[in-house]
Amino acid sequence: MAETIFRKAKSFYDVYERKAGANKDVTHYCPGCGHGILHKLIAEAMDDFDLKEHTVLISPVGCSVFAYYYFDCGNIQAAHGRAPAVATGVKRTNPDSVVISYQGDGDLAGIGGNEILQAANRGERISVFFVNNAIYGMTGGQMAPTTLLGMRTTTSPHGRSIGNEGYPLHMCELISTLEAPVYVERVSLTDAKHIMQARRAVRKALKAQMEGKGFTFVEALSACPTNWKVPTREANRWIVEMMEPVFPIKVFKDEIETREVVPREKKTYTPHEIVETLDLPTGDETVSFVRPPNALKDPEIKVAGFGGQGVLLLGLALAQAGMRAGYHVTWLPSYGPEMRGGTANCHVRIAEGRIGSPLVHESDVLIAFNGPSLDKFASLVKPGGLILYDSSLIDRTIERTDVKALGLPFTELADKELGNGRASNFVAMGAFIVASRGVFDEHVVKSILPLVIKRKNLIELNERAVAAGMRIAREALGS
Amino acid sequence: MAKQFIKGNEAVVKGAILAGCQAYYGYPITPASEIAEAAAYYLPLLGRTFLQAESEIGAINMVYGAASAGIRVMTASSSPGISLKQEGISYAAGAELSCVVVDITRGGPGLGNIAPEQSDYNQMVKGGGHGNYKLIVLAPNCAQEMCDLTMHAFDLADRYRTPVVVMADGFVGQMMEPVEFPAPVVDLPPKPWATAGTPETYKNLITSIDLEPDDLERHINHLYAKYAEIEANEVRYEEYMVDDADLVCIGFGVVSRILQSGIERVRAEGKKVGLLRPITLWPFPEKRLARLADEGKKLLVMEMNKGMMVDDVRLAVQHRVPVGFYGRVGGNVPSGREVYDQIMLHLEAV
Ligand SMILES: Cc1ncc(C[n+]2csc(CCOP(=O)(O)OP(=O)(O)O)c2C)c(N)n1
Ligand code: SF4
């Protein structure tokens, strides 16, 4: 393509040092190839808008993989089809840069179909230049998504058929149906008149990007004489006669004038603001608490029930209270579909030393809020362990005699005495404090309530729930 | 500073932000979604970028772009999503881009399940993508390390211009523990090689293609010289009661914690058993393992997979000492009883 870039744009390198081999002043494109023409139009626009120092050009996989041999600007070579995603990452890092995604039809409409559609739909403020030559050039003439019906390629040797490969994909038509793109045009790199039109389109797209307007897309019908197996001089006619009827050249969308530019503000944040924004604790928040000598030591706790009974929350509160009281703690939830089935459980460990496994297979304490949970986990309580269960919902007697089982009406009490059945979990918390002989106390729990209860007006209620739970546990245990 | 009771997955995000991570690109998947959710919440509040990508492929390529432009950037996913990211990871390794990939692993193959497995070991440590490259792989086992190792990952990524993986099983991601967060990092190292669309950087090129065999070979040799440096400097592991041990258990992630509990139990019975926990799965603590073999210690590897890290242990000790293996899969986790029985079995084996 030496002749098309005879007067070399300043945005091209003088000598193509990155190019392998001896001929460092001509491009690697075949004679008559459309890539060279489009390169020239882009480079000239970059010259005129003084863009090269601000431009990052993403080259695709395809014959234009080596676009970085030529463009004297920031260059990134991307994986096949992924240039619009790469461009997204670059542009969002530096919104003041001008980012170009340069792609072929296999790259853009085939393997990268999702990336281009989604970048367009997000309205990424990038410019996409799309070379549609109806074939895979680089790999030697296989079928592209834009290959014409009946067209023979090495992988459609009998001609592309509707039944097998389907219709050619029309990218401008597709993309112009989306709301976000501001400018979508298809041009044709054939004669001088059409190349001038293409030149205007390229400039318009880049200008719109510089102004921060939005996503711009220019498709160029482009010759691949080599793989079409058409003589170079006939290639343009082939575009006109074969491609243009299928891929009409026109402006599909142009909202550049009317599109509002959303102003950006750039603010830097101090370390203090970062810490604050991340909700990181600043002061020391342990409360003074001395563990009574006969309190349960290093309890491994399982809390189980229906989802919605506050099972995970109670576990969290147990662990947080343990942490406040100065213990090592872990909390591990059941997660995912297990929860969707309607049951939830979590494992809590509270220990004086470093905690090994956060899993509680065999627990010292089981707090159960429904029958199935009790049935499932009661047998896994260690001999000598403790079972606390909601006797208002579980109508069972515990068969085991080697554990201490305490059925208390958590829900009923919360309902009748506190007027809110959902506080049953903190009634259980109160019972745990007493039954564990004070692993921590109600003051510790009170200090963590604001952390685990998001609705401020419910904190007082849960405080009363803890007190009520302690009362009934004391009554039941006669302590 | 005071500690915060927090989920491992969330600690990753806070650590990343404290480390100066400017952007997160990702696609939701259990059990890693809390990472995306916390990133979506916090990053915009600090004027940074969060974007839910169209897919893991989109996400890793956005990371590729942002890393090319020179910022600290990350993505996170779980096993099936990581499979999709492998192409992009290979490109990033080839193009020498600094970025952090977090993998909260789950059960496979295929859709598998969302319960914790460690069967991503091979796809991360051995290179799940094409080509000659290695990834630094960090394996936290608690919420504190989810923060600390994420921050460390950003430092390593910048220092060596390479993708760094933080790989934790679903339990380490889902578990909540107290975490002490360090102060935000200020003054990040400059990246004069980036392509940021600025006058200072416009001469730069980010690429992984080298058409000439000699050029590509030179490039790969350059990567491997870098990897040798990493192997010499960046190995991390933790030991527990190894010195007098007859049997050393080896496990990473949540397994190391289960092993710790098991070892405490058998120690109480007077049995000499210790634990070695690799923190870097690559570079692997192979020299330390070789020394343990020199001392004639028996080894028992436990993993939540069908035996992946055990291959590296066997290579390190060159079959000089017996290397036992016990694995659970499907999301099952070895129980205390299983650990106890396995330790006893291998302690007695000759
Ligand atoms: C993942 C992947 N799949 C396949 C290829 C092989 N490949 C290289 S270029 C190409 C097609 C390029 O065609 P197109 O995008 O139309 O660009 P052109 O060469 O015609 O300019 C293919 C399939 C690859 N490099 N990577
Ligand atoms: S093969 Fe086709 S697309 Fe590739 S350089 Fe040659 S003419 Fe251009």
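The values are calculated or read from the model by the stated rules, or taken from the named source; none is laboratory data. A quick note: this is a predicted structure, and the numbers were derived from the prediction, not measured. Don't worry about glycine lacking a Cβ; one is built from the backbone with ideal geometry, like all the others, and counts go over all protein chains shown. With ligands, DNA and RNA removed, areas are computed over all heavy atoms of the protein, side chains included. Shrake-Rupley method; radii C 1.70, N 1.55, O 1.52, S 1.80 Å.
Restricting attention to region A:63-98, which residues are touching a residue at least 60 places away in the same chain (Cβ under 8 Å), facing chain B (nearest Cβ under 7 Å) and buried (at least 24 other Cβ atoms within 10 Å of the Cβ)?
A:CYS73, A:VAL98
When A:LYS19 is evaluated against the numbered criteria (1) open to solvent by 40 Å² or more (accessible area, probe 1.4 Å); (2) in contact (Cβ under 8 Å) with a residue 12 or more places away in the chain; (3) in contact with a Phe, Trp or Tyr (Cβ under 6 Å, 6 or more places away or on another chain), which criterion, by number, is the only one it fails?
So A:LYS19 meets the others, but not (1).
Yes or no, residue by residue, for (1) crowded, with 24+ Cβ neighbours inside 10 Å; (2) within 14 Å of ligand 2 (Cβ to nearest atom):
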position: A:ILE111; (1), (2): no, no
position: A:ILE116; (1), (2): yes, no
position: A:ALA119; (1), (2): yes, no
position: A:VAL131; (1), (2): yes, yes
position: A:TYR136; (1), (2): yes, yes
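Could you pull out every one of the strands (runs of 3 or more DSSP E) wholly within region A:91-198 that has 3 or more residues that are near ligand 1 (Cβ under 10 Å from one of its atoms) and hydrophobic (A, V, I, L, M, F, W, C)?
none
Please name all residue pairs, on different chains or six or more residues apart, with Cβ atoms under 7 Å, provided the first residue is in region A:222-233 and is within 11 Å of ligand 1 (Cβ to nearest atom) and the second residue is among the charged types (D, E, K, R).
none
Answer with yes or no whether B:ILE82 is part of a helix (DSSP H, G or I), more than 9 Å from chain A (Cβ to nearest Cβ) and in contact with a strand residue (DSSP E or B) (Cβ under 7 Å, 6 or more places away or on another chain). Before you say what the answer is, go through the steps one by one.
Values: part of a helix (DSSP H, G or I): yes; more than 9 Å from chain A (Cβ to nearest Cβ): yes; in contact with a strand residue (DSSP E or B) (Cβ under 7 Å, 6 or more places away or on another chain): yes.
So B:ILE82 fits the description; yes.
Given the conditions (1) closer than 22 Å to A:LYS40 by Cβ; (2) within 14 Å of ligand 1 (Cβ to nearest atom), which single one is not true for A:VAL202?
All conditions pass for A:VAL202, except number (2).
When you go through A:LYS267, A:LYS253 one by one, which is the residue that is in contact (Cβ under 8 Å) with a residue 60 or more places away in the chain and farther than 29 Å from A:SER156 by Cα?
The unique qualifying residue is A:LYS253.
In this structure, is B:LYS126 free of Cβ contacts under 8 Å to residues at least 24 places away in the same chain and either more than 16 Å from ligand 1 (Cβ to nearest atom) or farther than 22 Å from B:ALA16 by Cβ (or both)?
Numbers: free of Cβ contacts under 8 Å to residues at least 24 places away in the same chain: yes; either more than 16 Å from ligand 1 (Cβ to nearest atom) or farther than 22 Å from B:ALA16 by Cβ (or both): yes.
Taking the combined requirement at face value, the residue satisfies it.
Would you say B:ALA32 is within 20 Å of B:GLY197 (Cα to Cα), open to solvent by less than 10 Å² (accessible area, probe 1.4 Å) and within 21 Å of the chain's Cα centre (by Cα)?
Taking the combined requirement at face value, the residue does not satisfy it.
Are any of the residues in region A:64-71 modelled with pLDDT of 95 or more and part of a strand (DSSP E or B)?
Looking for residues that are modelled with pLDDT of 95 or more and part of a strand (DSSP E or B), one finds at least one in region A:64-71, hence yes.
Which pairs have Cβ atoms under 8 Å, sit 6 or more apart or on different chains, and link a residue in region A:191-215 that is under 18 Å from A:LYS91 (Cβ atoms) to one that is of a type in the set (S, T, N, Q)?
So the pair list comes out as A:ALA205/A:SER127; A:ALA205/A:THR216; A:LEU206/A:SER127; A:LEU206/A:THR216; A:ALA208/A:SER127; A:ALA208/A:THR216; A:GLN209/A:SER127; A:GLN209/A:THR216.
Taking A:ASN462 and the conditions (1) crowded, with 20+ Cβ neighbours inside 10 Å; (2) in contact (Cβ under 8 Å) with a residue 40 or more places away in the chain, which numbered condition does it fall short on, given that it satisfies the others?
(2)
Of all residues being assigned to a helix (DSSP H, G or I) and more than 15 Å from B:ASP246 (Cα to Cα) in region B:269-289, which is nearest to the other protein chains (Cβ to nearest Cβ)? Just the residue, please.
Once the filter is applied, the top-ranked residue is B:ARG288.
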